[in-house]
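Below is one structure, written out as structure tokens; the observations come after it.
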Amino acid sequence: MADKTIVAGVDGSETAAIAAERAAVLAQALDARLHLISAFGKFESETVRIGSDTLMLSNETEAEKVAAKAATLLRSAYPDVTITTAAAEGKPGEALVSVAEALGADLIVVGNKRVQGIAGRVLGSIARDVAAHASCDVYVAHTHDRG
């Protein structure tokens, strides 16, 4: 297994998928492991009874499914890259920084999706937050059309 670790976040959006693919390209080139996370905010769950079955639904489980789906797509395109996944509680930027620190990651890859307002004109809010708080390098992937 590679000694280097790259962390990227996914949320089911096209822009996150573009950033995650860039992270996979980097992981392949650097012989690094790619760890995909999906942030889910504050933990919420609900128990549902259907007939004799009892199901526990949670935003954590849904986030795990999002990360797993993204990993499946990337594994087929980048079979030599070790890809792991997890759900992470918190806002996306905070979750990325926290997970990267816990793993001793070498790099966080984020997209530059634009947000409205003065603060988001240069970088998206997640990219800005991660760049401001990360204890490792941050790669900002171009994920939107210039227009």
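The values are calculated or read from the model by the stated rules, or taken from the named source; none is laboratory data. Nothing here was measured: the structure is a model prediction, and the numbers come from that model. So basically every Cβ, Gly included, is an ideal-geometry build from the backbone, and we count neighbours across all protein chains shown.
Quick notes on this one:
- Filtered by the rule that a residue be within 25 Å of Asp31 (Cβ to Cβ) and either in contact with a strand residue (DSSP E or B) (Cβ under 6 Å, 6 or more places away or on another chain) or among the small types (Gly, Ala, Ser) (or both), the stretch 42-73 gives Ala67, Ala68, Ala70, Ala71.
- When the stretch 15-29 is limited to residues that are touching a residue at least 60 places away in the same chain (Cβ under 8 Å) and either part of a strand (DSSP E or B) or not β-branched (Val, Ile, Thr) (or both), the one that is surrounded by the most Cβ atoms within 10 Å (Cβ to Cβ) turns out to be Ala23.
- Here Val81 meets each of (1) modelled with pLDDT under 90; (2) touching a strand residue (DSSP E or B) at 6+ places or on another chain (Cβ under 8 Å) with one exception, condition (1).
- Hey, Ile6 under 17 Å from Ile108 (Cβ atoms), in a strand (DSSP E or B) and in contact (Cβ under 8 Å) with a residue 60 or more places away in the chain or not: yes
- Some residue of the stretch 56-70 being part of a helix (DSSP H, G or I), β-branched (Val, Ile, Thr) and buried (at least 18 other Cβ atoms within 10 Å of the Cβ): yes
- If the condition is being at pLDDT 90 or above, over 14 Å from the mean Cα position of the chain (by Cα), not charged (D, E, K, R) and not in a loop (DSSP other than H, G, I, E, B), then the stretch 104-147 contributes Ala131, Ala132, His133.
- When we screen Ile37, Ile50 for residues that are of a type outside the set (Lys, Arg) and at pLDDT below 90, the only hit is Ile50.
- Filter result (under 27 Å from Glu44 (Cα atoms), surrounded by fewer than 16 Cβ atoms within 10 Å (Cβ to Cβ) and either touching a Ser or Thr at 6+ places or on another chain (Cβ under 9 Å) or in contact (Cβ under 8 Å) with a residue 40 or more places away in the chain (or both)) within the stretch 92-112: Glu101
- Verdict on Leu34 being outside any helix (DSSP H, G or I), surrounded by 13 or more Cβ atoms within 10 Å (Cβ to Cβ) and not small (Gly, Ala, Ser): yes
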